[in-house]
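Participant: Handing you a structure now.
Nothing in this text is a laboratory measurement; each read-out follows from the coordinates by a stated rule. What you are looking at is a predicted structure, and each value in this text was computed from that prediction instead of being measured. With ideal geometry, Cβ positions are generated from the backbone for all residues, glycine too; neighbour counts draw on all protein chains shown.
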Amino acid sequence: MNQKLQVSASPHTRGMMTTGKIMTMVTAALLPACVMGVLAFGMHALLVLVFSTASAVAAEYCYEKLLHKSITVRDGSAVVTGLLIGMNMPPQIDLWIPCLGSVFAIVVIKQLYGGLGKNFMNPALGARCFLLISFSSRMTTFSEGKGLWKLVTQVPATTDALSGATPLAYLKTGACFDLKALLIGNHMGCIGEVSAAALLAGGLILLAMKVIRIRIPGSYLGCFAILTLITALVRGYDAPLLYTLQQLCAGGLMLGAWFMATDYVTSPITAMGQIVFGCALGFLTWVFRLIGSGTEGVSYSIIFMNLLVPVIERYTRPVAAGMVRQNRENKRLMRQKKREARRLKAGGGKKEKDT
Amino acid sequence: MRKFTFRGGVHPYDGKELTARKPVRVLEAGTELAFLLSQHIGAPAKSIVKKGDRVLEGQMIAEAGGFVSAPVFSSVSGTVKGIEKRRNAAGALCDAIIVTNDFAHEKAPADPLPGMEAYCALQQETASEKSEYNMVTRSAAEALELIRPDEQLKKLEKNQVLERIRKAGIVGMGGAGFPTHVKLSPSDPEKIDFILVNGSECEPYVTCDYRLMCDRPGELIAGLKAVLRLFGSAKGVFCIEDNKPEAVRILTEALAREENIYVAPCRTKYPEGAERSLIKAITSRDVNSRMLPADAGCIVINVSTAFAIFEAVFLGQPLYRRILTISGDAVVNPENFLVPTGVSFAEIAEKAGGFLQMPEKLIAGGPMMGFAQSDFTGVVTKTSSAITAFRYDLVSRYEETACINCGRCVDACPARLVPSHLADMVQKKQMEHFEENYGLECVNCGSCSWSCPAGRPLAALVNQGRQAILAARRKAK
């Protein structure tokens, strides 16, 4: 019995979940949407995804190697970031653009702020917005699908009529698009955004695996849907329910709600905060899409709300069990103290310490 | 059937199948025993023996050092060897009376209530017959018939019941070790409406309470009735997690005709058995760190404590032995033992067949809230419910990575805290923030550390902050 025993603070057992496993599950849940994107747009889309992912991992590795930090590429977060950037690219984009985006996301947004867990905004979305501003024409030109759908299916008449426009631009006019096309990805758009059904499936996988909670996507989509429905009714669109459904399925909303707004690092940690966050996202996206002049609003909504996360967390901090009354009591006492201090000041008597 | 539960909590692997079905075996004490003078919260007991004195099994060797304190009894007959410093489970040095066993089994006279002769005789008979310590009687009904708790308790005054409990040195046997007679003397006994007997045993690997509920239900009911005698308007509730259906069934059957005692099956979830979680689950009342359970009208006693109360009140027997589970993947024969206090962990491990391989971690208690031991010299006290030994130390193999703000700790916390933020505050030494964010409300259950995918020692950090604040407060006083 001369071998040493390990001594540490309790608990002496741990759950099975690790950061690496979480990232693997997120990547797996993104794959259906990637597959649909590649089916819709062909091999170039696959190359975009591969290049963006590889450059994100390489950027993280090189940065950490150069700065003599411990290498964290194995936790898989760079893979998720890179993949999300690829999914946010138009299908015909030059390959250097997603690579630049990945490097920007990893180095500027993630690593310069302290690495995993310290970034204040979603790296993939930050990169997307950076690219949108820097190369706006390249980022907003969408080519016709060249993939499988083009070969096996008849393109709906509606898209033919509006060649070169995305479903969102089409919906902006108040008319309806083809819901089936939106679900399977037979229309123009970013690689990872085209198939709402695949994204929804991925989101449900994450829910079932308990990687994410319903709070953020539920409140985001719910809030957006209600506001859109009301707008459609007020503006007297032909089929308000179908219109709302198509607004939900079009553009980056599904990808944003299930995979980007739920990014742990840049969403509130408290349950109430997550619901507030989701509702605010729904509201902002509604403003950008239906009130503002643009068509797409998911990226900017999420980035904007990312910046407010510390504030939300602060004001939605849960009250510890059994502390409600004490808390109110404390506040009452504080108010009382302040009042007394003010009275003393007004009386011009003795000098009082700041309360 | 309605199942009681609370918000938060986790589901660790419980490992109870290793020992749940094993009958309790009597463990024979070795040659030398060490009785810690501080086996409870409060003032340490004061030794009343000196070197060379002969002591008997069940004889008081140290008296209570104050009101919040409890006497200590010898668990064997033998000679006092002296007073030495020994480590308690948490690793602090404290005085211990060392007794050399003479294996004579000479008992100090107990003081059973009149009318308990039949039960005592039966107990004597089964004890000499076999080395197993399960059923004295075949069923709860039979035990209750022999004990007749209602009639017996009518004859006793309230303060007599309390006095017998105090004299027997009973402390909370679930782990905290708060002197039971203090717990049972709240400022207003009429305000107590629930006596919760905590049989949830949510700590993984521990099965000592389960065995008691299956083997001695009648005695537990009698013990609870003794407590209920003290409170005019209280109801008794056995709280049992639903992963112990056998215990639920036995007690439900035994209580079929009782009007004031209920069985509450709780949804299996760690930390169901933590005092505040249990009160929340059963009564929906919240208890914070500034309150006692009595302020919420509840008193929680552990199953083992209820059994000790039975022995004290009805048989006049002091608390000097308890049931202890030794388990874990390093132990050859995981067992439930009836262990005299004062026996060393090494001896118990030996009686359990030794280790398959040298364990990397030895824990006094279960893996969630137990204390890791640095050697095998720890001794059994009134509060030792288990010893667990693991071949590999999982925790030291985990690499701590960055917090990704996933919120699993928030969902797991039964006290509704934000453990990751609290841990950050401790690391940054922002103690005012820590206090403002209810850091003192932590019950140190470890659910946050368990659920953290980044392997952060959240519970340890929060506890560190809590202890620092409490220490500063004590100093200020």
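Participant: So what's the Cα pair-distance distribution over the range B:408-476, bin width 5 Å, in %?
Facilitator: For the range B:408-476, the pair-distance distribution reads 3, 21, 32, 24, 13, 4, 2, 0.
Participant: Further question: Positive end of the dipole of chain A, charges at C-beta (+1 Lys, Arg; -1 Asp, Glu), about the Cα centre: which of A:Leu308, A:Val80, A:Cys62 has its Cα farthest in that direction?
Facilitator: So the residue furthest toward the plus end is A:Leu308.
Participant: Let me ask you something else. Suppose every K and R has +1 on its Cβ and every D and E has -1 on its Cβ; what is the size of the dipole of the range A:199-355 about the Cα centre, in Debye to the nearest 20? All intermediate terms of the calculation are to be shown ahead of the outcome.
Facilitator: Details: 21 positive and 8 negative charges, 333 e Å.
It works out to roughly 1600 debye.
Participant: If you count the DSSP beta bridges with both ends in chain B, what percent of them are antiparallel, to the nearest 5?
Facilitator: Working: 37 of 62 bridges.
If I count the DSSP bridges inside chain B, around 60 percent turn out antiparallel.
Participant: Mind checking which lysines have their Cα closer than 20 Å to the Cα of B:Lys16? Skip sequence neighbours fewer than 8 apart in that chain.
Facilitator: Here the lysines satisfying the reach criterion relative to B:Lys16 are B:Lys244, B:Lys269, B:Lys351, B:Lys361.
Participant: Quick one: putting +1 on the C-beta of Lys and Arg, -1 on the C-beta of Asp and Glu, what dipole do you get for chain B around its Cα centre, in Debye to the nearest 20?
Facilitator: Values: 58 positive and 56 negative charges, 213 e Å.
My answer is approximately 1020 debye.
Participant: Another one. Going by C-beta contacts inside 10 Å, put B:Ile61, B:Ile309, B:Ile48 in order with the fewest on the left. Display every interim value, and only then the final one.
Facilitator: Working: B:Ile61 23, B:Ile309 28, B:Ile48 14.
Going from least to most buried by this count: B:Ile48, B:Ile61, B:Ile309.
Participant: Next question, about the same structure. Give me the dipole magnitude in Debye, nearest 20, for chain A about the Cα centre, with unit charges on the beta carbon: positive for Lys and Arg, negative for Asp and Glu.
Facilitator: Rounded to the nearest 20 debye, it is 2480 debye.
Participant: Give the lysines whose C-alpha is closer than 18 Å to that of B:Lys183, dropping any in the same chain fewer than 8 places away, or say none.
Facilitator: Hits, sequence-local ones excluded: B:Lys158, B:Lys167, B:Lys191, B:Lys225, B:Lys235, B:Lys382.
Participant: So for chain B, taking the charge dipole from beta-carbon charges (+1 Lys/Arg, -1 Asp/Glu), which of B:Pro340, B:Ser69, B:Ser327 sits furthest toward the positive end?
Facilitator: The residue sitting most towards the positive pole is B:Ser69.
Participant: Relative contact order for chain B: what percent, with Cα pairs under 8 Å and sequence separation of 6 or more? Display every interim value, and only then the final one.
Facilitator: Values: 1065 pairs, mean separation 89.4, N = 477.
It rounds to 19 percent for chain B.
Participant: Oh, and also: Find out how many positive minus negative residues lie around A:Gly174, taking Lys and Arg as positive, Asp and Glu as negative, among other residues whose Cβ is under 14 Å from that of A:Gly174. Walk me through the numbers before you get to the answer.
Facilitator: Numbers: positive: A:Lys172, A:Arg235, A:Arg289; negative: A:Asp238.
Every neighbour counted, the sum reads +2.
Participant: Where the eigenvalues come from the Cα gyration tensor of the protein assembly as shown, what are the semi-axes √(5λ) of the equivalent ellipsoid, largest first, in whole Å? Kindly include the intermediate steps, with their values, before the conclusion.
Facilitator: Details: eigenvalues 773, 163, 140 Å².
Working through the eigenvalues yields semi-axes of 62, 29, 26 Å.
Participant: Bin width 10 Å, alpha-carbon pairs only: give the P(r) of the range B:1-64 as whole percents, running from 0 to the bin holding the largest distance.
Facilitator: 13, 25, 23, 22, 15, 3
Participant: Hey, what angle do you get for helix B:458-476 against the long axis of chain B, alpha-carbon based, 0 to 90 degrees rounded to 10?
Facilitator: With rounding to tens, the tilt is 80 degrees.
Participant: With only alpha-carbon atoms counted, please give the Rg and Dmax of chain B, in Å.
Facilitator: For chain B, the Cα radius of gyration and maximum Cα-Cα distance read 21.8, 65 Å.
Participant: Would you list which lysines come within 26 Å of A:Lys118, measuring only between C-alpha atoms, while excluding same-chain residues fewer than 8 positions from it?
Facilitator: Partners found: A:Lys21, A:Lys65, A:Lys69, A:Lys110, A:Lys210, B:Lys428, B:Lys429.
Participant: Further, regarding this structure: Looking at the range B:241-294, which GluC sites (Glu not before Pro) are in a loop (DSSP not H, G, I, E or B) and have at most 12 other Cβ atoms within 10 Å? Numbers along the way, then the final one.
Facilitator: Numbers: sites: B:Glu241, B:Glu246, B:Glu253, B:Glu258, B:Glu259, B:Glu272, B:Glu275; in loops: B:Glu258, B:Glu259, B:Glu272.
Passing sites in the range B:241-294 are B:Glu259.
Participant: Expressed as a rounded percentage, what relative contact order does chain A have, with Cα pairs under 8 Å and six or more residues apart?
Facilitator: Details: 516 pairs, mean separation 59.9, N = 355.
After rounding, I find 17 percent.
Participant: Another question about this same structure. Report the FRET efficiency, 1/(1 + (r/R0)^6), for B:Ala176 and B:Glu32, where r is their Cβ-Cβ distance and R0 is 30 Å, rounded to 0.05.
Facilitator: Once rounded, the FRET efficiency stands at 0.60.
Participant: So how do A:Leu344, A:Leu182 line up by other beta-carbon neighbours within 10 Å, fewest first? It would help to have the intermediate numbers written out before the result.
Facilitator: On the way: A:Leu344 13, A:Leu182 25.
Taking fewest neighbouring Cβ atoms as first place, the list is A:Leu344, A:Leu182.
Participant: Related question: Assuming R0 = 51 Å, what is the FRET efficiency of A:Val311 and B:Ala256, from their Cβ-Cβ distance, to the nearest 0.05?
Facilitator: On the way: r = 57 Å, r/R0 = 1.12.
According to the calculation, E is roughly 0.35.
Participant: If I take every Cα pair under 8 Å that is 6 or more residues apart in the range B:318-438, average their sequence separation and divide by the length, what percent do I get for the relative contact order?
Facilitator: Relative contact order of the range B:318-438: 23 percent.
Participant: Here's a follow-up. Would you mind ranking B:Thr388, A:Thr166, B:Thr100 by Cβ crowding within 10 Å, fewest neighbours first?
Facilitator: B:Thr100, A:Thr166, B:Thr388
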